[in-house]
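Scroll down for the structure; my scribbles are underneath it.
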Amino acid sequence: MSRLESMQRRITAQIDGLNWAAARIADLSGEVLELGLGNGRTYDHLRENLPDRRIWVIDRVLQPHPSCMPPAEDFLQGEADEMLRALAHRGVRAALAHYDFGYGIKEKDVAEGARLSPLIAALMVPGGIVVSQQPLTGFRPVRGPDTIAPDRYHFYQAL
Ligand SMILES: C[S@@+](CC[C@H](N)C(=O)[O-])C[C@H]1O[C@@H](n2cnc3c(N)ncnc32)[C@H](O)[C@@H]1O
């Protein structure tokens, strides 16, 4: 598969996965976590589809497309571990988390996902949905949309 095709699969998985998750949390109260702002594409999709939910955004850098700048009061700039602890300290409770951190080095990304999993779990309401680029631990795996290959994106429910 070419890198272009791989990129196409990733973007399709993100769109379908986030739409699926937004529908799944319709009856749950709670906020949203966007873990990895990057260019702001998935953040923009979340805010379009979940306009009534507060979206907390974490990234170590603030470099989105200018049209995708989160409100300053919803953006936490810094390392994920410390920022997730800061959200817990504020009492944030999330119905949906989208995990899109990563270096692009598989072993490092899997290890980081495992390390951050309990910090994310502490923020989730029971039954909340986690949509993730990386495998996470300590959540109940659930089958995402049929359009996404099972190992391409990961879907979990908070216990
Ligand atoms: C793949 S990009 C996110 C792409 C974004 N979701 C989008 O649609 O444009 C990953 C982002 O996560 C951030 N990041 C990765 N690991 C991090 C960590 N441990 N703490 C804070 N930010 C991190 C990087 O700075 C980068 O901007």
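The values are calculated or read from the model by the stated rules, or taken from the named source; none is laboratory data. Owing to the predicted nature of the structure, the values given are computational and were not obtained by experimental measurement. Glycine gets a Cβ as well: all are built from the backbone with ideal geometry, and neighbour counts include every protein chain shown. Heads up: the accessible areas ignore ligands, DNA and RNA and are worked out on the full protein's heavy atoms, side chains in. Shrake-Rupley method; radii C 1.70, N 1.55, O 1.52, S 1.80 Å.
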Express the Stokes-Einstein translational diffusion coefficient of region 1-44 in µm² s⁻¹, to the nearest whole number, given a Kirkwood radius over alpha-carbon pairs, 4 °C and a viscosity of 1.567 mPa s.
107 µm²/s
I need the shape label for region 3-157. Rule: rounded when a/c is under 1.5, else prolate if a/b > b/c, else oblate, with a, b, c from the alpha carbon gyration tensor.
rounded
How much accessible area per residue does the chain have, counting only protein heavy atoms and a probe of 1.4 Å, in square angstrom?
52 Å²
Once neighbouring chains are kept in place and the probe is 1.4 Å, which whole percent of the accessible area of the chain is contributed by carbon and sulfur?
53 percent
By average C-beta atoms within 10 angstrom, highest first, the peptides 142-148, 54-60:
54-60, 142-148
